[in-house]
Amino acid sequence: MQSSPSDVLIIGSGAVGAAVAFFCAKAGLSVRVVDKGRPGGGTSSRCEGNLLVSDKEHGPELDLANYSLGLWRGELAEFAHLWEFENKGGIIVASQESSMASLQRALQVQRQHGIEVEEIDVPGLKELEPNVTDQAVGAAFYPDDCQVMPMLLTAHLLRMAREAGAELLFDTEVTGMVRTGDQIQGVRTSQGTYYAQTVINAAGPWGAEVAELAGVNVPVGPRRGYVLVTEPLPPMVFRKVYAAEYIDNVGSSEEGLQASPVVEGTQAGSILIGSSRERVGFDHTLNPEALQMIARNAIALFPFLQETRILRHYFGFRPYSPDHVPVIGPDPRVPGLWHACGHEGAGIGLSVGTGKLIAQALTGEQTDIELGPFSPARFDTAAVPEGQEVP
Amino acid sequence: MTAGEFRTVTVTVDGRRVTTEAGRTVAATLMLAEDRLHWRETRFAGKGRGLFCGIGVCFDCLVTVDGQPSLRACLVQVAEGMSIETEPMDG
Amino acid sequence: MADTENTYEVAVIGAGPAGLAAASEAAAGGAHTVLIDAAGQFGGQYWRHADEQSSSEDPAVWHHGWKTYTGLASAVDDAISAGKLQYLPASHVIAAEAGSPFSLSIAPVPESQPEHQGLTQIRAHTVVLCPGAYDRQLPVPGWTLPGVMAAGGIQAFIKTQGISPGQRVVLGGTGPFLLSAAASVLQAGAEVAAICESSDLTGWVPRGVSAALVPSKGKEGAEYIALLARHRVPYFRRRAVVAIHGDQRATAVSTARLNRDGKALPGTERIIEDVDLVGLGWGFVPQSELVVQLGAQMFRDADGSLVAEVDKDQQSSVPGLYLAGEITGVAGATAAVAEGRIAGRQVAGLRGGGRPPRSSADIKDRVLRRNHRLFAQAMHRAHPLPQQWPEWLTDETVICRCEEVPWQKTKEAIDSLSAEEPRGLKGATRIGMGWCQGRMCGQAADCLASSDSADVAQAVARRGPAIPVSLRALAGESGRESS
Ligand SMILES: Cc1cc2nc3c(=O)[nH]c(=O)nc-3n(C[C@H](O)[C@H](O)[C@H](O)COP(=O)(O)OP(=O)(O)OC[C@H]3O[C@@H](n4cnc5c(N)ncnc54)[C@H](O)[C@@H]3O)c2cc1C
Ligand SMILES: Cc1cc2nc3c(=O)[nH]c(=O)nc-3n(C[C@H](O)[C@H](O)[C@H](O)COP(=O)(O)OP(=O)(O)OC[C@H]3O[C@@H](n4cnc5c(N)ncnc54)[C@H](O)[C@@H]3O)c2cc1C
Ligand code: FES
């Protein structure tokens, strides 16, 4: 049995693949999505749903974040309730004079790049977050920080893509590329071969593995993070609250374990506490130290949490890109192959911007923001040598 | 211990003094001494809940004991002077 | 170097029939053993009994095989007094990591040890995991009403409190355990208004031979039947409790006759009024989270449960990890004891390096195990879950008790969000995200799933921590000792 070729074949049904599918289908392209697992069963169901501008440094990632924010609040506003979109604002709390000083320096830079942020004093902080630690010496408030429920986001984007004509194939693993000469013509999967004009690698932390199937190096790999989920409580935490050290962690490339708390309430009543960062490959063994570090930091930020019970902890693998810039756009090394991966700790927030830009580029429109800085052209041309470990 | 030594225990339930037998669980005390089948309210629909699994797995029976919230009433044994707080509801 | 104080040759998790048997044999064989149990006293589910500190009642009245219990309990007590075994009651193993040695994180159970907060780490060269099971549930309209309990929960209440939690009781579900729960209710002086067994029991007939292998079961069953007959308890086959009625509490039930697929047959509905307690039980679910954490090979048993594979010596696919009791397949207390003994002897015997010699007691236990396993397989086949139970539901029926997710929302997620698999369903609806982490709604989610592979069930059973634990505890004791 031979299925007809599609305009676009998307590998991966996480938030990014789903958003690409949705925008492409909406733009009139014929779309097929294949995933080796279940819908959104990768990182997008093992993460949190913060849409942050507060943790971004200026550069392409911030541009994409701002662009995505415009979509969340504009074009996609009518669906906001489906994925529990909330514009709740974020607060960075400094508990030491020294971290307050670095926070103030960061604010200055962020303001210059158009991020909206107010410095707030302790009484102002207590008004926004009455349960925060008494150790706080100051804070910054980011009115633009938002949140969504990632699994609902992914599920509804996939549904809407399907309703716009996309075909979704699950339990279908891509095992190879079909090429004619250099040109990619489709993919070989565990369920047969599918042809397409354009194949898009939206395989998240498996992005390097998929690129390797096409013989190119895209150094995106897993960076593990744990999240703790508390018992449901009446509202105790009102914004997304995190500690000043968090910003440093996001930007670092440290292999070792790092953790700083991001504490947020959810509509269902549980509080999510994340998250750690460690580069340990796709390691599924428990790291009690990560849990301990997150727990300690969270208690320091919200002392009431001490008596709160954790119902569950889980971990996911962020699609880590060494320069912290996602990989988006056509691969000049392999015609027919595009990438949409490597969004690290921000792929939920950046998914919609990524999807829309790809749809624009594929339909020959001028993209709303430049794709250049995200181009895979920045990686070396060599394929990954056999046996080399992917970062 | 000889039989009869600690036959009864007095606890407070939402401030009321209640006398029960030693060895009772908090759940059994609420059910037998107070004739209550539910002592917790669900957070969305506000429905009453009490014992369900009876062995500490379902967490339907949560109460506050001596100030500590969210303990499983089916597992806590009463003790002299224990203070039990429930989520009282109509009916 | 690991400190020797917290390192044991053998750690037995669970002090039910399987764990007690394993611990007593391991200690008798000279192994430096620790017995860790979430409950405050020995017994597990089967031999759950009144608080020993305050009750003067003889628990034997509520139990079968109480002599076996007292024998095992005193053997373990003796080992404790002799300093050969350390017993950690009211201690829940929340995480386990395989390795040599294994490492276990243990949280105090706050209901029994409120003053204790931190986690303890223990290492053991061999682990015998005997975590038992809990009641398996299927949602029906009204199952969240106060006055509806798990059948095993009723049993546990009577065994510990000596009194029935309701005076006029309807029991529904499937399996011989309903009879045992009914017997306890009667013995406690309450009335059983009806027992609704969804199966027609014809599945037993061709396998009558399995029942004959296990005379103790036959005898127990005959006793129940005589008791029920004496009390004129109405016992229905191929009938189910399809709805429970009441406002603030359960006051009545609707029962209906089922067709082969488990659909309620129109016109067969009957209402039983003036009920104050409904007990529901559809078999048991083995506690699998630690097995999943440890990475042992699992499969679906004849009753659909996710259970662990073991070899003839009860060793799992993870070297050094032994399993006994319900976790290897729901087969009841006698099988659990036999498996526990086999595992306990094996781990003690292996200490010398050689293969332990087979004693006649061991051979007897192996025969017992085989017979009870065969019996259990026959039992599972004779008591299938009614396939079409979702037909009983109304749009408002709550599927997930903790997160209060109604059937309507569940159906929508399955139909439009491709959530036909428990993990996707969970993400789309919150089914299984609450306090019990899907233990009560898990069977429902599993039945609604499009796949019955063991992998799917395993992904859902990947729960950490094994019970809720305070942030203070997580933050407290060092997570991993330096080695
Ligand atoms: C702990 C944690 C917290 C986070 N918090 C946030 C946050 O607050 N905000 C935010 O924006 N982001 C957050 N993230 C990051 C975010 O989760 C990711 O960036 C995002 O989910 C990536 O989506 P994706 O679609 O690229 O990848 P994924 O969701 O991983 O999807 C990739 C898909 O590709 C499929 N696949 C892989 N290989 C193949 C193959 N060969 N064939 C077929 N299919 C294949 C996989 O099965 C998978 O479904 C967090 C991540 C973690 C781990
Ligand atoms: C509520 C209930 C009542 C039952 N009543 C009967 C009955 O009357 N008659 C009958 O024939 N069968 C009954 N059963 C069936 C029962 O499963 C078996 O009869 C028998 O108890 C199984 O023995 P076991 O040793 O495998 O497990 P169990 O008896 O269940 O013992 C397991 C023990 O391990 C502990 N445990 C589990 N996980 C952990 C952990 N992570 N850390 C520390 N400790 C842990 C548990 O608290 C428990 O004490 C009942 C089951 C249930 C759930
Ligand atoms: S009744 Fe289920 S936890 Fe107490």
Scan the range A:203-245 for residues that are aromatic (Phe, Trp, Tyr) and either surrounded by fewer than 24 Cβ atoms within 10 Å (Cβ to Cβ) or within 16 Å of ligand 3 (Cβ to nearest atom) (or both) and jot them down. A:Phe238
Pairs, first farther than 18 Å from C:Thr429 by Cα in the range A:140-161, second in a helix (DSSP H, G or I) and small (Gly, Ala, Ser), C-beta under 7 Å, six or more apart: A:Ala161/A:Ala18; A:Ala161/A:Ala21; A:Ala161/A:Ala25
Return yes when B:Cys61 is within 16 Å of ligand 2 (Cβ to nearest atom), at pLDDT 95 or above and either facing another protein chain (nearest Cβ under 9 Å) or more than 25 Å from A:Glu307 (Cβ to Cβ) (or both) and no when it is not. no
For A:Ala101, are the conditions met, namely being aliphatic (A, V, I, L, M), in a helix (DSSP H, G or I) and at pLDDT below 95? yes
It is to be established whether one or more residues within the range B:28-50 are more than 7 Å from chain C (Cβ to nearest Cβ), within 16 Å of ligand 2 (Cβ to nearest atom) and under 26 Å from A:Pro232 (Cβ atoms). no
Do any residues in the range C:131-157 that are within 14 Å of B:Leu51 (Cα to Cα) and not assigned by the TED database to the domain that holds C:Ser288 have Cβ atoms under 8 Å from those of residues that are among the acidic types (Asp, Glu) and near ligand 2 (Cβ under 7 Å from one of its atoms), where the two are at least six apart or on different chains, and which pairs are they? C:Ala150/C:Asp135; C:Ala151/C:Asp135; C:Gly152/C:Asp135; C:Gly153/C:Asp135
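Here is a yes/no grid of residues against (1) assigned to a loop (DSSP other than H, G, I, E, B); (2) of a type in the set (S, T, N, Q); (3) within 12 Å of ligand 2 (Cβ to nearest atom); (4) away from chain B (no Cβ under 14 Å):
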{"position": "C:Pro139", "(1), (2), (3), (4)": "yes, no, no, no"}
{"position": "C:Thr144", "(1), (2), (3), (4)": "yes, yes, no, no"}
{"position": "C:Gln155", "(1), (2), (3), (4)": "no, yes, yes, no"}
{"position": "C:Gly175", "(1), (2), (3), (4)": "yes, no, yes, yes"}
{"position": "C:Ala181", "(1), (2), (3), (4)": "no, no, yes, no"}
{"position": "C:Asp200", "(1), (2), (3), (4)": "yes, no, no, yes"}
So is B:Gly67 more than 7 Å from chain C (Cβ to nearest Cβ) and either among the hydrophobic types (A, V, I, L, M, F, W, C) or under 29 Å from C:Leu138 (Cβ atoms) (or both) or not? no
Verdict on A:Arg318 being assigned to a strand (DSSP E or B), at pLDDT below 95 and within 16 Å of ligand 1 (Cβ to nearest atom): no
Quick check, is C:Leu119 aliphatic (A, V, I, L, M), over 22 Å from C:Ala324 (Cα atoms), crowded, with 22+ Cβ neighbours inside 10 Å and modelled with pLDDT under 95? yes
Output for the range A:28-48, where each listed residue is crowded, with 24+ Cβ neighbours inside 10 Å, touching a strand residue (DSSP E or B) at 6+ places or on another chain (Cβ under 9 Å) and not charged (D, E, K, R): A:Val31, A:Val33, A:Val34, A:Pro39, A:Gly42, A:Thr43, A:Ser44, A:Cys47
Quick one: is C:Asp301 of a type in the set (Asp, Glu), in contact with a strand residue (DSSP E or B) (Cβ under 6 Å, 6 or more places away or on another chain) and at negative phi? yes
Filter the range C:263-288 down to the residues that are out of contact with any Lys or Arg (no Cβ under 7 Å at 6 or more places or on another chain), part of a loop (DSSP other than H, G, I, E, B) and within 20 Å of C:Phe177 (Cα to Cα) and list them by number. C:Gln287
Can you pull out the strands (runs of 3 or more DSSP E) entirely within the range C:289-393 that have at least 1 residues that are under 25 Å from C:Glu9 (Cβ atoms) and touching a residue at least 40 places away in the same chain (Cβ under 8 Å)? C:321-323
Of the residues in the range A:281-312 that are farther than 28 Å from A:Ala94 by Cβ and surrounded by 17 or more Cβ atoms within 10 Å (Cβ to Cβ), the one that is nearest to ligand 1 (Cβ to nearest atom) is A:Arg312
Evaluation of A:Glu75 against (1) within 23 Å of A:Gly265 (Cα to Cα); (2) not assigned by TED's automatic domain parsing to the domain that holds A:Phe238 (one fails), failing number: (1)
Out of A:Val8, A:Val93, report the one residue that is touching a residue at least 40 places away in the same chain (Cβ under 8 Å), out of contact with any Leu (no Cβ under 6 Å at 6 or more places or on another chain), of a type in the set (A, V, I, L, M) and surrounded by 19 or more Cβ atoms within 10 Å (Cβ to Cβ). A:Val93
Are any residues in the range A:313-335 assigned by TED's automatic domain parsing to the domain that holds A:Ala136 and more than 21 Å from the chain's Cα centre (by Cα), and if so, which ones? none
Name the residues in the range C:427-463 that are polar (S, T, N, Q), buried (at least 24 other Cβ atoms within 10 Å of the Cβ) and either over 18 Å from the mean Cα position of the chain (by Cα) or not in a loop (DSSP other than H, G, I, E, B) (or both), would you? C:Thr429
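The values are calculated or read from the model by the stated rules, or taken from the named source; none is laboratory data. Keep in mind it's a predicted model, so treat the numbers as computed, not measured. In this analysis, Cβ positions are derived from the backbone assuming ideal geometry, glycine residues included, and neighbour counts consider all displayed protein chains.
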